[in-house]
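Here is the structure we will look at.
The values are calculated or read from the model by the stated rules, or taken from the named source; none is laboratory data. Only a predicted model underlies this, so the values are computations on that prediction, with no experimental measurement involved. No Cβ is skipped: glycine too gets one built from the backbone with ideal geometry, and neighbour counts run over all protein chains shown. Areas reflect the complete protein model, heavy atoms only, side chains present, ligands, DNA and RNA absent. Shrake-Rupley method; radii C 1.70, N 1.55, O 1.52, S 1.80 Å.
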Amino acid sequence: MEGESEGALHLDRAFVDIALRISGIDDAMELRQALAGISDLLSASDQGTSYALCEVSIEPSVRPVIAWQAGGETFALAEDENFAAWFARARQNPGEAEPLSGGCGAGLLWKVASNAGWESHAGLFVSGELPSDEKAERLRAIVKLVALALGRVARGRFEKLRQRRLAESNQDALSWLELGVDIVWEATSAGVIRCRRIFNRRSDIADAIEGRNLDSVVVGAGGRNLFDLLCAEGRVARLSARFDGVPAIEGQRFHVSGLKREAESGHGSAFVGTLSCLHMRASSAFADEAATALTQARASRAREEQMRIEAEAMLEGLRLLLAGSTSREKLARLTALLAEGIKASDAMIIEAGFDGRLRALAPFRSTLDASYAPIAKTLARDLAGTSLKLYGGEEEMGEAIRYRLGMEGENFLALALPLRSQSAYFLCASRGDFGPAAVAFAERFGLLLRQALLLREEQAQLAQTAKMAALGQMSASIAHELKQPLNTISLATQNLEALLDLPNFTPAMAEAKIARVLAQVERASNVIDRMRRFGRKSIGDNEPVELLEMAEGVVAMIRHATDRAGVEVIFDIAPGLSVDADRLQIEQVLANLVQNAVDAISGVGAEGRDGDGERIIHITAMEADDGMMVELRVEDSGPGFPPGIVERVLEPFFTTKPAEQGTGLGLAICDAIVRESGGRLMLGNHARGGFVSLCLPRAAEDRSVTSRTESL
């Protein structure tokens with residue numbers, strides 16, 4: 001109890017020190033340095049516990065990103081699905097301790113209040129066990145204090161940016177004023193003119209009108225003078241004016257604006273206004289030169305801003321290529337970045353597959369029907385020998401493609417993205433023109449799009465190679481499956497030969513044997529069909545997949561392995577329960593998971609079950625996420641995942657098996673395949689062994705049936 005009291009006292013002192021340190025900081029870098037010292041101070045005040053402070057922001061894709069982190073070297077805060085799941089929980093329960101994955105501690109979250117255009121949160125992470133209520137209350141106060149400091153810094157940064165832009169706007173207004181106005185004047189109550197500001201080098205006008213009276217300025221066609229008009233009307237704006245009897249400027253035409261000030265204003269002048277010469281004579285060349293310079297400066301500033309946007313888009317694209325997101329997510333985000341960079345109103349990526357069909361990769365629309373096939377032929381013809389083509393609003397071919405794809409905009413751009421063995425195209429439409437800068441940027445950014453497509457292609461090839469390796473290892477099971485019907489056919493035909501020699505032979509006796517032979521032929525044909533389908537290369541199309549039928553077919557493929565290991569496979573899947581996925585790829589993943597379960601029970605790569613223990617694989621399916629997803633779970637009665645392995649099993653090339661064991665398809669590839677289908681992979685231990693779950697989107701037809709049933 002005494003140690004706990006001392007720890008609480010240290011933490012209270014730390015809290016006071018934190019408040020004093022960050023209360024007056026308004027610079028982002030200085031605040032981060034202070035928070036780094038604060039995390040060390042918290043760790044020192046609580047021996048055996050490590051603390052980390054960070055800022056978590058949300059990208060446009062609503063993916064949490066760690067903007068920076070201070071302290072907590074023992075924390076592995078990776079921006080993965082586990083972190084996203086923690087963030088979603090903590091975001092819904094601000095200030096409450098939410099456990100991190102793997103049992104490595106907990107984190108608190110508090111939203112930063114600022115007038116910036118993005119959502120940001122302050123986070124505080126604690127290693128070890130979850131804090132007690134009293135300790136958690138202190139930590140909650142600390143994370144709120146950090147959030148307040150972050151908000152103050154963000155608001156200060158935003159205000160500085162606003163002030164800078166306001167100053168730039170004022171400077172622009174002054175530049176235009178200098179071009180459009182020659183003299184800013186004021187006059188006494190008697191109408192005597194005094195020049196206050198001279199622009200555009202028009203000192204000749206200032207010298208000519210200085211000390212003259214407003215009644216010498218003839219305004220409009222009626223011959224009224226400016227003094228009388230201001231006294232009567234109070235103000236005038238851009239009226240034509242001339243100075244009679246002033247030789248230096250006589251004959252020149254002017255525009256005059258003026259305002260009569262209120263008597264109680266306290267100013268020494270009763271009238272103020274501006275004067276603009278419409279024929280600048282000797283100064284006209286200077287004005288033209290100044291106008292040209294200003295136009296060029298504004299164009300240069302606009303180009304610099306565009307280059308900044310393009311540079312940020314390229315950097316974001318490179319970061320996406322290196323991120324762990326799925327190829328579908330990468331293509332969708334890259335498409336949006338390029339569309340934003342060239343100011344396109346609509347954009348997409350399409351692919352002409354091996355089978356001649358057209359697919360929309362981003363946004364994902366699966367396979368387009370046969371009526372879209374002419375689009376691929378048109379693009380292949382128009383982009384032969386070039387990487388980019390612009391279709392104007394009057395070109396029928398571009399109009400036809402835009403209309404068929406449902407894209408809005410008058411102008412159309414097509415960018416070729418050649419791959420190793422097939423073709424892909426970036427297509428976009430715009431209501432405005434695609435300028436040379438936009439075209440050049442599209443060609444440069446196309447390199448990132450092509451690289452993302454090549455990574456997708458290589459991932460598919462890697463999965464196909466692993467599938468063929470798995471098929472080779474399944475050859476024993478396939479041979480076993482084929483041998484049984486062949487033996488039955490052989491015995492049936494031998495019996496039929498013996499029956500033919502009997503004196504009482506009848507056609508009915510032959511029909512029974514023939515029916516048995518035909519049944520076994522169909523059984524062998526089904527085995528060959530499953531093997532051929534399993535080995536076929538996926539084309540990336542999602543379809544409704546009935547889970548029970550699919551799981552039974554996969555287990556039949558590797559029946560020899562389960563029988564040899566003495567493993568019983570039990571199914572607990574409701575008939576008709578379906579998911580929306582790529583059937584070939586999900587079959588491949590399930591086959592790998594079942595084989596892994598057999599290996600775990602048999603002790604391949606780890607210590608297996610005792611000989612007298614149960615040897616069971618349980619394959620179940622259940623609804624998840626309010627019926628929008630289905631969890632397909634493979635449980636085994638093996639030893640489970642050892643401590644420290646769960647966090648690493650999804651790493652590429654990580655395995656505990658010997659080189660000659662396994663199907664050649666690692667869990668890292670399984671995870672990538674599942675995420676490409678819009679799902680997620682989960683794993684862990686249960687009471688009697690280990691499990692791996694595939695959480696996949698439920699088929700739309702299946703969801704509609706469930707909804708109708710519930711309504712009844």
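Some observations on this one:
- Of the candidates Gly234, Gly222, the single residue that is modelled with pLDDT under 90 and within 14 Å of Gly273 (Cα to Cα) is Gly234.
- Whenever a residue of segment 484-503 is over 9 Å from Gln520 (Cβ atoms) and open to solvent by less than 80 Å² (accessible area, probe 1.4 Å), its partners that are in a loop (DSSP other than H, G, I, E, B) and not acidic (Asp, Glu), lying with C-beta atoms within less than 8 angstrom and at least six residues away or across chains, give the pairs Leu499/Phe505.
- Count of segment 240-258 residues which are at pLDDT 85 or above and touching a helix residue (DSSP H, G or I) at 6+ places or on another chain (Cβ under 8 Å): 3
To keep it simple, each residue is scored yes or no on (1) open to solvent by 10 Å² or more (accessible area, probe 1.4 Å); (2) within 14 Å of Arg450 (Cβ to Cβ); (3) touching a Ser or Thr at 6+ places or on another chain (Cβ under 7 Å).
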| position | (1), (2), (3) |
| --- | --- |
| Leu383 | yes, yes, no |
| Leu388 | yes, yes, no |
| Glu396 | yes, no, no |
| Met407 | yes, no, no |
| Ala414 | no, no, no |
| Pro418 | yes, yes, no |
| Ala424 | no, yes, no |
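- Subset tally (residues that are within 60 Å of the chain's Cα centre (by Cα), at pLDDT below 75 and among the hydrophobic types (A, V, I, L, M, F, W, C)) for segment 468-520: 10
- For segment 308-336, a residue qualifies if it is at pLDDT 80 or above, open to solvent by 60 Å² or more (accessible area, probe 1.4 Å) and not charged (D, E, K, R), and the qualifying residues are Leu315, Leu318.
- Neighbours by Cβ (under 9 Å, 6+ apart or cross-chain): first from segment 367-392, under 21 Å from Ala438 (Cα atoms) and in contact (Cβ under 8 Å) with a residue 40 or more places away in the chain; second hydrophobic (A, V, I, L, M, F, W, C) and surrounded by fewer than 10 Cβ atoms within 10 Å (Cβ to Cβ): none
- Any strands (runs of 3 or more DSSP E) falling wholly within segment 341-460 and containing at least 2 residues that are at pLDDT 85 or above and over 26 Å from Gly678 (Cα atoms): 388-391, 411-418, 423-430
- Given (1) modelled with pLDDT of 80 or more; (2) acidic (Asp, Glu); (3) surrounded by fewer than 20 Cβ atoms within 10 Å (Cβ to Cβ), index of the condition Asp17 fails: (1)
- Of the helices (runs of 4 or more DSSP H) entirely within segment 521-625, those holding at least 2 residues that are open to solvent by 20 Å² or more (accessible area, probe 1.4 Å), at pLDDT below 90 and of a type in the set (Lys, Arg) occupy 559-564.
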